[in-house]
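Quick notes on the structure that follows.
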Amino acid sequence: MEEKKKKIYILATGGTIAGRGQQGKTAVYKAGGLNLEELLSTIPKLHDQVEMDGEQMLSVDSNNVTVKDWIQMANRINELSKTDIDGFVITHGTDTMDETAYFLNLTVKTEKPVIITGAMRPATAASADGPLNLYQAISLAASNEAWGQGVLVCFCDSIYSGRDVQKVNTFKTDAFNEKDLACLGYMRDEYCYFYNKSLAVHTVRSMFDVTQVKELPRVDILYFCVDADPDLLRFSAQRAKGIVICGTGSGDYSEAWMKEIAKLEEKRIPVVRASRIGSGVITENKYFEQSQNCIPAYTLPPQKARILLSLALLYTNQFEEIKKIFQRY
Ligand code: SIN
């Protein structure tokens, strides 16, 4: 019996995968120039296995993606997931792909595959990487194996979890990984091979619902370096509801910062200790956590800790509750 074709819906948002520039060159181009139809014309036809539909949601360099765009993406997928669509692909710029992947991993309410992909070279480059990434992302979205795995990133023959994926190279095509956690699996042509699973809570089991949400509480990221001015904390605390510190080593900072952070406890401002290192885990540390408002980021890098803290602040500003959220998500 002939197998039913899978329906895959593509949300195109721009990025280098849709970039157009000088023929053959990799560096000078404008991200987001190609529309969805042009993008699809660059890949081998999957007509016999997959029925494709989609929309041009945005046409931007991903540095211009906003929290409002994230909320719109999550709600659009949530709405479409109630139809007979079998899986989703989002084409996206690579610069903030890891952030979008984590936000959607926490807010999308479906077990259907949601796969994000992009490219490091524009579509007009010699040996552009976008077509294979897109082809594999569509194949992964149509696979049974990707069901229930949370939002995934498919890039350069590898499969990554939306929670743990990070951009790790500024220009090479193999630009993503999960650092110590490596990857969930591999793609070879249109076939996927899973070997790992993310255990953090995501999608249908996540507590975060953005259906009625218009914006997120402001959370700032402050970068600590030698002799960094604690005034940064005072400035940020005037507006932000939460702060993430991109600290040294395992989420560390100076005594001057420690004193300033302790003052924020009274203002009910949670301060998450993340790290500029990019791999390893940050756990509770009595020396750096001299006030109740300090929360370790565990394995989340600062940009992802900011997303989780903003979403958590929609529900609570109790430090102990937020700590539990950081342990689960
Ligand atoms: C972007 O993030 O939109 C530009 C860079 C890229 O896609 O690689």
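Here, each number is a calculation from the coordinates, and none is a lab measurement. Here the structure is a predicted model, which is why all the values come from computation and not from measurement. All Cβ positions, even for glycine, are placed from backbone atoms using ideal geometry, and neighbour counts span all protein chains on display.
Odds and ends about this structure:
- With respect to the chain, whose longest principal axis is taken over its alpha-carbon atoms, helix 130-141 is tilted by about 90°.
- Cα point-scatterer Debye curve for the range 57-216, base-10 log of I(q)/I(0) at q = 0.13, 0.14 Å⁻¹: -0.55, -0.64
- Under 5 Å between amide hydrogens, built in the peptide plane, is the criterion, and for Ala125 it picks out Gly24 among residues at least 5 positions away or on other chains.
- Think of the chain as having a plus end and a minus end, set by charges on the Cβ of Lys, Arg, Asp and Glu; of Ser279, Gly24, Gln56, Ser279 sits farthest toward the positive end of this dipole.
- Estimated from helices alone, the mean residue ellipticity of the chain at 222 nm is -7500 deg cm²/dmol (sum of -39500 (n - 2.57) over DSSP H runs with n ≥ 4, per residue).
- Normalised per residue, the volume of the convex hull around the Cα set of the range 156-269 (Å³): 186
- Whether the range 65-105 is rounded, prolate or oblate, judged on the alpha carbon gyration tensor where a/c under 1.5 counts as rounded: prolate
- Magnitude of the charge dipole, the chain, Cβ model with Lys/Arg +1 and Asp/Glu -1, debye to 20: 560
- 3J(HN,Hα) along the range 230-239: x, 4, 4, 5, 4, 4, 4, 5, 5, 10 Hz, from the Karplus curve 6.51 cos²θ - 1.76 cosθ + 1.60 with θ = phi - 60°, whole Hz, x for Gly and Pro.
- Taken as Cα centroids, the range 46-74 and the range 82-143 sit 8 Å apart, rounded to the nearest whole angstrom.
- Averaging over all projection directions, the Cα-based convex hull of the range 1-127 occupies 8.1 nm² in the image plane.
- Coupling constants for the range 99-108 follow from the phi torsions by the Karplus curve (6.51 cos²θ - 1.76 cosθ + 1.60, θ = phi - 60°), and in residue order they are 6, 4, 4, 6, 4, 5, 4, 8, 10, 7 Hz; glycine and proline get x.
- Residues whose placed amide H lies under 5 Å from that of Val168, excluding near-sequence neighbours: Phe176, Asn177
- Sequence-distant contacts, meaning Cα pairs under 8 Å at least 6 residues apart, place the relative contact order of the chain at 14 percent.
- The 3J(HN,Hα) values that the Karplus relation (6.51, -1.76, 1.60; θ = phi - 60°) gives for the range 257-273 are, in residue order, 5, 4, 4, 5, 5, 4, 5, 7, 4, 4, 7, 6, 9, x, 10, 8, 8 Hz. Gly and Pro appear as x.
- The chain: antiparallel DSSP beta bridges as a percent of all, rounded to 5: 30
- Shape annotation for the chain: C-alpha extents along the principal axes are 65, 43, 35 Å, from largest to smallest.
- A simple count of charges around Pro113, restricted to other residues whose Cβ falls under 10 Å of its Cβ and scoring Lys, Arg +1 and Asp, Glu -1, yields -1.
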